[in-house]
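J.: I have a structure here, written as structure tokens, and I will follow up with some questions on it.
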Amino acid sequence: MKFSGTVHKYGRDIDTDVIIPARYLNTSVPEELAKHCMEDLDAGFVGKVASGDILVAEENFGCGSSREHAPISIKAAGVSVIIAKSFARIFYRNAINTGLPIMEAPEAVDGISDGDVVTVDADSGVITNETTGAVFQAQPFPPFIKDIIETGGLVASAREKLADSRSDA
């Protein structure tokens, strides 16, 4: 899996309430959630994010309430991957479950600025800041997580495995 895009960088402790405000949780339609992604933190986010862009953040990204709406809104807004120093554990799992790639890479976060163009090779864990030429190493995804992300999330992965097992029978 390879990603390339412009970086939108944020600080630490970005909680799920600012990723997708609670007043929009009356829907689970990805396109509707995307319209309000990061709205309470950065009102202009939706207008400036383009398909394939990369979100970069400091420590504890996705803390707060456990809601799958948060990674769904980020993915639907067009973000291809999130790089952070650390993630709240429940957000980490929700992101994988919804098919949103996330990588913990503290050195990369320190070496990437808002507006930089970054390329990520998730298979090798190599993160390249195309703007500065700096290269960073993150842990690549284990095969089972890579499979979940590539199939679009846990539910899609389970459906695919079930269909495969039925065709083998």
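The values are calculated or read from the model by the stated rules, or taken from the named source; none is laboratory data. This structure is a prediction, so every number in the text was calculated from the model and none was measured. Every residue, glycine as well, gets a Cβ built from its backbone with ideal geometry; the counts of neighbours run over all protein chains shown.
J.: In the list Phe91, Phe141, which residue meets the criterion of being assigned to a loop (DSSP other than H, G, I, E, B), surrounded by 13 or more Cβ atoms within 10 Å (Cβ to Cβ), aromatic (Phe, Trp, Tyr) and under 15 Å from the mean Cα position of the chain (by Cα)?
T.: Phe141
J.: Quick one: which residue in Ile74, Ile14 is buried (at least 19 other Cβ atoms within 10 Å of the Cβ), closer than 22 Å to Phe141 by Cα and not basic (Lys, Arg)?
T.: So the residue among Ile74, Ile14 that is buried (at least 19 other Cβ atoms within 10 Å of the Cβ), closer than 22 Å to Phe141 by Cα and not basic (Lys, Arg) is Ile74.
J.: Then there's this: When segment 40-70 is examined, which residues are found to be under 17 Å from Ile83 (Cβ atoms) and polar (S, T, N, Q)?
T.: If the condition is that a residue be under 17 Å from Ile83 (Cβ atoms) and polar (S, T, N, Q), then Asn60 is the only one that fits.
J.: May I pose another question? Would you be able to say whether some residue in segment 77-87 is over 28 Å from Pro142 (Cβ atoms) and not in a helix (DSSP H, G or I)?
T.: no
J.: Take the residues of segment 94-130 that are of a type in the set (Ser, Thr, Tyr) and closer than 17 Å to Glu150 by Cβ: which is surrounded by the fewest Cβ atoms within 10 Å (Cβ to Cβ)?
T.: Ser124
J.: Does Ser51 fit the bill of being touching a strand residue (DSSP E or B) at 6+ places or on another chain (Cβ under 9 Å) and modelled with pLDDT under 95?
T.: So Ser51 fails the test.
J.: What tally of residues in segment 3-59 results from selecting those that are part of a loop (DSSP other than H, G, I, E, B) and among the acidic types (Asp, Glu)?
T.: Qualifying residue count for the region: 7.
J.: Go through segment 47-69 and give me each residue that's under 24 Å from Ile127 (Cα atoms) and either among the aliphatic types (A, V, I, L, M) or surrounded by 23 or more Cβ atoms within 10 Å (Cβ to Cβ) (or both).
T.: Of everything in segment 47-69, those that are under 24 Å from Ile127 (Cα atoms) and either among the aliphatic types (A, V, I, L, M) or surrounded by 23 or more Cβ atoms within 10 Å (Cβ to Cβ) (or both) turn out to be Val49, Ala50, Ile54, Leu55, Val56, Ala57, Phe61, Gly62.
J.: Which condition does Thr131 not pass, out of (1) within 14 Å of the chain's Cα centre (by Cα); (2) over 25 Å from Ser66 (Cα atoms); (3) among the β-branched types (Val, Ile, Thr), if it passes all the others?
T.: So Thr131 meets the others, but not (1).
J.: Within the bounds of segment 69-76, is there any residue that is hydroxyl-bearing (Ser, Thr, Tyr) and outside any loop (DSSP other than H, G, I, E, B)?
T.: Yes - at least one qualifying residue is present in segment 69-76.
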